[in-house]
Amino acid sequence: MVSALLLFVVLAVLQLAVALYVRNTLISAAAEGARFGARADASPADGAARAASLISASLNPSFAERISARTTRTQDGVDVVVVTVAAPLPVFGPIGPAEGFKVSGRAFSEVQVAAPAPAGAS
(Lines give C-alpha, C1' and ligand atoms only; values in the text may rest on other atoms or scores of the structure.)
Protein backbone atom coordinates (compact mmCIF):
# COMPACT_ATOMS: atom_id res chain seq x y z
CA MET A 1 0.00 0.00 0.00
CA VAL A 2 2.76 2.41 0.92
CA SER A 3 4.72 1.57 -2.22
CA ALA A 4 1.68 2.37 -4.41
CA LEU A 5 1.29 5.74 -2.71
CA LEU A 6 4.99 6.45 -3.08
CA LEU A 7 4.86 5.51 -6.76
CA PHE A 8 1.90 7.86 -7.29
CA VAL A 9 3.77 10.76 -5.62
CA VAL A 10 6.91 10.11 -7.69
CA LEU A 11 4.92 10.03 -10.93
CA ALA A 12 3.10 13.25 -9.97
CA VAL A 13 6.41 15.02 -9.31
CA LEU A 14 7.80 13.68 -12.59
CA GLN A 15 4.70 14.93 -14.44
CA LEU A 16 5.11 18.37 -12.89
CA ALA A 17 8.80 18.49 -13.79
CA VAL A 18 8.17 17.59 -17.43
CA ALA A 19 5.30 20.08 -17.71
CA LEU A 20 7.43 22.89 -16.27
CA TYR A 21 10.32 22.02 -18.57
CA VAL A 22 8.05 22.15 -21.63
CA ARG A 23 6.42 25.40 -20.47
CA ASN A 24 9.77 27.11 -19.85
CA THR A 25 11.11 25.93 -23.21
CA LEU A 26 8.04 27.29 -25.00
CA ILE A 27 8.29 30.64 -23.21
CA SER A 28 11.96 30.93 -24.08
CA ALA A 29 11.34 30.08 -27.75
CA ALA A 30 8.43 32.55 -27.99
CA ALA A 31 10.53 35.34 -26.46
CA GLU A 32 13.46 34.61 -28.76
CA GLY A 33 11.10 34.50 -31.75
CA ALA A 34 9.65 37.88 -30.76
CA ARG A 35 13.13 39.39 -30.46
CA PHE A 36 14.05 37.94 -33.85
CA GLY A 37 10.83 39.22 -35.47
CA ALA A 38 11.29 42.68 -33.93
CA ARG A 39 14.54 43.36 -35.76
CA ALA A 40 14.50 46.13 -38.36
CA ASP A 41 15.32 43.68 -41.18
CA ALA A 42 12.77 41.02 -40.17
CA SER A 43 9.02 40.54 -39.99
CA PRO A 44 6.79 38.95 -37.33
CA ALA A 45 6.48 35.90 -39.60
CA ASP A 46 10.27 35.50 -39.37
CA GLY A 47 9.91 35.50 -35.60
CA ALA A 48 7.28 32.77 -35.74
CA ALA A 49 9.54 30.67 -37.97
CA ARG A 50 12.45 31.19 -35.54
CA ALA A 51 10.29 30.11 -32.60
CA ALA A 52 9.15 27.02 -34.51
CA SER A 53 12.72 26.02 -35.32
CA LEU A 54 13.80 26.46 -31.69
CA ILE A 55 10.86 24.42 -30.39
CA SER A 56 11.44 21.68 -32.96
CA ALA A 57 15.11 21.49 -31.97
CA SER A 58 14.35 21.32 -28.24
CA LEU A 59 11.10 19.35 -28.09
CA ASN A 60 8.96 17.23 -30.35
CA PRO A 61 7.99 19.14 -33.55
CA SER A 62 4.30 18.61 -32.66
CA PHE A 63 4.73 21.34 -30.03
CA ALA A 64 5.50 23.85 -32.82
CA GLU A 65 2.32 23.39 -34.85
CA ARG A 66 0.30 26.36 -33.54
CA ILE A 67 2.46 29.47 -33.58
CA SER A 68 1.25 32.94 -34.50
CA ALA A 69 2.97 36.30 -34.68
CA ARG A 70 1.62 39.82 -34.96
CA THR A 71 2.53 43.42 -34.34
CA THR A 72 0.49 45.38 -31.82
CA ARG A 73 0.67 48.94 -30.61
CA THR A 74 0.64 49.91 -26.96
CA GLN A 75 -1.41 52.78 -25.56
CA ASP A 76 1.70 54.94 -25.77
CA GLY A 77 2.13 54.25 -29.50
CA VAL A 78 5.01 51.78 -29.27
CA ASP A 79 5.01 48.88 -31.73
CA VAL A 80 5.47 45.48 -30.10
CA VAL A 81 5.97 42.12 -31.83
CA VAL A 82 4.05 39.32 -30.09
CA VAL A 83 4.76 35.65 -30.81
CA THR A 84 2.17 33.26 -29.34
CA VAL A 85 2.66 29.50 -28.99
CA ALA A 86 -0.18 27.10 -28.18
CA ALA A 87 0.94 23.56 -27.42
CA PRO A 88 -0.44 20.44 -25.76
CA LEU A 89 0.42 19.58 -22.18
CA PRO A 90 2.56 16.44 -22.01
CA VAL A 91 0.64 14.01 -19.82
CA PHE A 92 1.71 10.61 -18.50
CA GLY A 93 -1.26 8.29 -18.32
CA PRO A 94 -4.96 9.09 -18.68
CA ILE A 95 -5.16 11.65 -15.88
CA GLY A 96 -4.44 15.28 -16.65
CA PRO A 97 -5.92 18.52 -17.90
CA ALA A 98 -7.42 18.66 -21.37
CA GLU A 99 -6.09 22.14 -22.03
CA GLY A 100 -2.53 22.82 -23.08
CA PHE A 101 -0.16 25.75 -22.80
CA LYS A 102 -0.66 29.12 -24.41
CA VAL A 103 2.42 31.29 -23.93
CA SER A 104 3.66 34.42 -25.63
CA GLY A 105 6.82 36.45 -25.99
CA ARG A 106 6.98 40.18 -26.64
CA ALA A 107 9.67 42.50 -27.93
CA PHE A 108 9.77 46.16 -28.90
CA SER A 109 9.98 46.59 -32.65
CA GLU A 110 13.13 48.27 -33.93
CA VAL A 111 11.00 50.08 -36.51
CA GLN A 112 8.77 52.53 -34.66
CA VAL A 113 6.09 54.74 -36.16
CA ALA A 114 5.77 58.07 -34.42
CA ALA A 115 2.43 58.45 -32.67
CA PRO A 116 0.48 61.62 -33.32
CA ALA A 117 1.05 64.36 -30.79
CA PRO A 118 -1.69 64.73 -28.17
CA ALA A 119 -4.20 67.50 -28.73
CA GLY A 120 -3.09 70.81 -27.27
CA ALA A 121 0.63 69.88 -27.23
CA SER A 122 3.00 72.33 -28.85
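Structure above, values below:
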| item | result |
| --- | --- |
| Failed condition for Ile55, given (1) in contact with a Pro (Cβ under 7 Å, 6 or more places away or on another chain); (2) crowded, with 20+ Cβ neighbours inside 10 Å | (1) |
| Residue check, Arg39 among the basic types (Lys, Arg) and not in a helix (DSSP H, G or I) | yes |
| Top-ranked residue in the stretch 54-64 [being under 12 Å from the mean Cα position of the chain (by Cα) and at pLDDT below 95; ranked as farthest from Val83 (Cα to Cα)] | Phe63 |
| Residues being crowded, with 17+ Cβ neighbours inside 10 Å and within 20 Å of Arg66 (Cα to Cα) - total across the stretch 27-42 | 10 |
| Subset of the stretch 30-87 (residues that are in contact with a helix residue (DSSP H, G or I) (Cβ under 6 Å, 6 or more places away or on another chain), of a type in the set (A, V, I, L, M) and touching a residue at least 60 places away in the same chain (Cβ under 8 Å)) | Ala30, Ala34, Ala87 |
| Residues that are modelled with pLDDT of 90 or more and either surrounded by 14 or more Cβ atoms within 10 Å (Cβ to Cβ) or among the small types (Gly, Ala, Ser) (or both), drawn from the stretch 5-26 | Val22, Arg23, Thr25, Leu26 |
| Which listed residue, of Arg73, Arg106, is of a type in the set (Lys, Arg) and surrounded by 14 or more Cβ atoms within 10 Å (Cβ to Cβ) | Arg106 |
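Residues are listed down the side, and each one gets a yes or a no for (1) in a helix (DSSP H, G or I); (2) modelled with pLDDT under 95:
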residue	(1), (2)
Arg35	yes, no
Ala45	yes, no
Ala52	yes, no
Gln75	no, yes
Val81	no, no
Gly105	no, no
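The values are calculated or read from the model by the stated rules, or taken from the named source; none is laboratory data. Just so we're clear, the structure is a prediction, and the values are computed from it rather than from any experiment. Glycine also receives a Cβ, built like all others from the backbone with ideal geometry; neighbour counts cover every protein chain displayed.
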